[in-house]
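Enquirer: Before I ask anything, let me first share the structure, which is written out below as structure tokens.
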Amino acid sequence: MEPILKVENLVKRYAKRNLVGMPEEFLALDSVSFTVSAGSTLAIVGESGSGKSTLASCIACLETPTSGTLWFEGTNLVQSAESDLRKIRPQIQLLFPDPAGSLSPRWTILDIVVEPLLLQGKLARKERTTRAFSLLERVGLAADMAERPAAELSGGQRQRLAIARALTLQPKILILDEALSALDCSVQAQIANLLLDLQSSLATTFLFITHDLTMAVHLADEIAVMSHGRIVEHGPSTKIVQNPSHEATQQLLAAVPRLPRSPWPAIQQ
């Protein structure tokens, strides 16, 4: 079966100036390659500055790679015309770390979930409202909250709302860029379990961007470890954490808190 996403030798360079004002290039992505099967979850794990978010932006068609190819369902996104990308972008949704920054505090919950359908000109008014209420129920937000402004929601509720909005257009790939990092531990666990339930019922492909190796093991079928713009280790989640071969993976693993009587891995797939 063809992968839904294939990344081949992806390179992204940024022009910048050094401390003395001389122009130079920063290599954010260095020959990154991997594939993702439909309905699976790949976790991209690495420290800050490893290139994870740049990779997410390229896949979501928000950044243009310097070189390399991105294949989505057999279409080369790098060589696609802007008119074609406008049709593809709704199928690849990106969830940001802080939902408060991407949700209008003055809009109602219902308005926020319906907005993508309005922008894309999809469905009649009644159908838009029906889909919005269905998604709110799926993410655990009660129907009687629909007319409340987003500013009244807690951090966990805002992330649930952001997930509902991201799913409104029925995307085939959902990119979660540090989507749990701003939440406390108990809420992280709730949202992680919600994501697992949603993937099971909707068969959406997840790309989980994180620095948290523990959560990556919990959510992902495979893990790709990034360091200095490169993927340095890639394989099944349990194999990566039980037998890490690269120093970057070993450092991430060493940073995971462990209970005295609970050997790694504490979270089972």
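What follows draws every value from the coordinates through simple rules; no lab data is involved. Predicted, not measured: the structure shown is a model, and the values here were computed from it. Cβ placement follows ideal geometry from the backbone for every residue including glycine, while neighbour counts extend to all protein chains displayed.
Enquirer: Each label point is 7 Å from the Cα along the Cα-to-Cβ direction; what then is the distance between the points at S201 and E137, in nm?
Expert: That separation, rounded to one decimal, is 0.9 nm.
Enquirer: Which log10 I(q)/I(0) values, to two decimals, does the range 34-122 give at q = 0.10, 0.12, 0.19, 0.25 Å⁻¹ under the Debye formula with one point per Cα?
Expert: Normalising to I(0) and taking log10 leaves -0.34, -0.49, -1.12, -1.37.
Enquirer: Between S37 and E247, what FRET efficiency comes out of the Förster formula 1/(1 + (r/R0)^6) with R0 = 25 Å and r the beta carbon distance, rounded to 0.05?
Expert: Efficiency, rounded to the nearest 0.05: 0.30.
Enquirer: Which three semi-axes in whole Å describe the equivalent ellipsoid of the range 137-199, each the square root of 5 times a Cα gyration tensor eigenvalue, listed largest first?
Expert: They are 18, 16, 11 Å, listed largest first.
Enquirer: Which ³J(HN,Hα) values in Hz, rounded to whole numbers, follow from the phi angles of the range 234-243 under the Karplus curve 6.51 cos²θ - 1.76 cosθ + 1.60, where θ = phi - 60° and Gly and Pro get x?
Expert: 3J(HN,Hα) across the range 234-243, in whole Hz: 8, x, x, 4, 5, 5, 4, 7, 7, 9.
Enquirer: Could you tell me which of the pairs K52/K87; K52/K239; K6/K87; K12/K122; K52/K172; K87/K122 are separated by over 23 angstrom between their Cα atoms in the structure shown?
Expert: Over 23 Å Cα-Cα: K52/K87; K12/K122.
Enquirer: Shifting gears a bit: Would you kindly give the portion of the calculated P(r) for the chain that falls above 29 Å, as a percent of all Cα pairs?
Expert: More than 29 Å apart: 35 percent of the Cα pairs in the chain.
Enquirer: Label-point separation (nm) for E115 and L85, each offset 7 Å from Cα along Cα-to-Cβ?
Expert: Rounded to a tenth, the inter-label distance reads 2.2 nm.
Enquirer: Order of F96, F133 from fewest to most other C-beta atoms within 10 Å?
Expert: F133, F96
Enquirer: Additional query: What list of ³J(HN,Hα) couplings, whole Hz, do you get for the range 5-15 from phi and the Karplus terms 6.51, -1.76, 1.60, once you set θ to phi - 60° and write x for glycine and proline?
Expert: Going residue by residue, I get 9, 10, 10, 10, 6, 6, 10, 9, 10, 10, 7 Hz, with x marking Gly and Pro.
Enquirer: Neighbour counts of other C-beta atoms within 10 Å: give me D144, D197, D30 arranged from fewest to most.
Expert: So the ranking, lowest neighbour count to highest, is D144, D197, D30.
Enquirer: Moving on. Which listed residue (A15, M226, P99) has the Cα farthest towards the positive end of the charge dipole for the chain, taking +1 on Lys and Arg C-beta and -1 on Asp and Glu C-beta about the Cα centre?
Expert: So the residue we want is P99.
Enquirer: What residues qualify as long-range amide H neighbours of V139, i.e. H under 5 Å apart, gap of 5 or more or another chain, H built at 1.01 Å from N?
Expert: Those qualifying (amide H under 5 Å, at least 5 residues apart or on another chain) number zero.
Enquirer: Also, quick follow-up: Give the residue from Q188, T35, L123 lying farthest towards the positive end of the charge dipole for the chain; charges sit on Cβ (+1 for Lys and Arg, -1 for Asp and Glu) and the dipole is referred to the Cα centre.
Expert: Toward the positive end, the furthest listed residue is L123.
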